[in-house]
Amino acid sequence: MSSSNACVWAIVAAAGESRRMGLPDGESKQFLRLGGETILSHSVRRLLAIDEVAGAIVVVHPSHTVRIAGEVAEYEESKPLLIAEGGRARSDSVRAGLEQVPAAAEYIAVHDGARPLFSRHVFAACLAALGECDGAVPGCVVADTLKRTASDGRVEATVDRGGLWSVQTPQLFRAAPLREVYSRRDLDGATDDAALLEMAGFVVKVVASTPANVKITTPADLPLAGALLSWEIETDI
């Protein structure tokens, strides 16, 4: 598979309620500002700037469709950028996006809208990896000591971290396997889309990424992302 000839459509999952950000009801972290643009805008623009990405679907909470439509209108991108309404679970939102992906798409990327700083080089490496697997996900080797605790905080075991990775997005898939797993109704028990393929017996590989691909989840993550954004202006990631 030559990535230069690939047709990739991206689904951007941005329908979460952002409860851990401590925002007022109805607000979303996706619309917080980072370096003069919203977090979501950074994520979408970076995807559309990749040559192999043919278009994207942004999946948002139903209450935010008008707001994101106004933001999208300012992008002035030549590639198709569609909007879908998300559901209660992440899998519902990805399925809603998947329904709008053209049938001709060979590959599909699923990305968290709250990860605005992913590496285009890692994206390319994941795409290239699909020549020998069904899914490729970016990740970092776990470096910290891991401990399992009881509900009261007492340590029950120190976990062997050998072979463990902290996985990120964008996750890239061959379109057919991803569509197959999403055609099933029972999607419980998976914390990401790669897990759905794994449970169905498809082959998924991890591609080495960078810790700079942070997911903005809590208020403390925003200044960190701002510092990383300033740093990457001088660094080709």
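Only the coordinates and a few stated rules stand behind these numbers; no lab work does. Bear in mind the structure is a predicted one, so any value in this text is a computation, not a measurement. Every residue, glycine among them, receives a Cβ derived from its backbone with ideal geometry; neighbour counts consider all protein chains shown.
So for the pair residue 165, residue 67, with labels modelled 7 Å out along Cα→Cβ, what separation do we get in nm?
3.4 nm
What number do you get for the chain when its Cα radius of gyration is normalised by 2.2 N^0.38 Å, N = residues?
So the chain has a normalised radius of gyration of 1.01.
Say we join alpha carbon atoms closer than 10 Å with springs in a Gaussian network model of the chain; which of 84, 49, 14 then has the biggest fluctuation?
49
How far, in nm, would the chain grow between residue 121 and residue 49 when pulled straight, counting 0.36 nm per residue and subtracting the alpha carbon separation?
Stretched fully, the residue 121-residue 49 segment lengthens by 24.7 nm.
Hey, in the GNM for the chain with a 10 angstrom Cα cutoff, which one of 181, 159, 110 fluctuates hardest?
Among 181, 159, 110, the largest GNM mean-square fluctuation belongs to 159.
Per DSSP helix of 4 or more residues, -39500 (n - 2.57); summed, then divided by the residues of the chain. What does that give at 222 nm, rounded to the nearest 500?
-7500 deg cm²/dmol
Which GluC sites (Glu not before Pro) does the stretch 78-113 hold that lie in a coil by DSSP with at most 12 other beta carbons within 10 Å?
99
Applying 1/(1 + (r/R0)^6) with R0 = 30 Å to the Cβ-Cβ distance of residue 208 and residue 106, what FRET efficiency is obtained, to the nearest 0.05?
After rounding, the FRET efficiency stands at 0.80.
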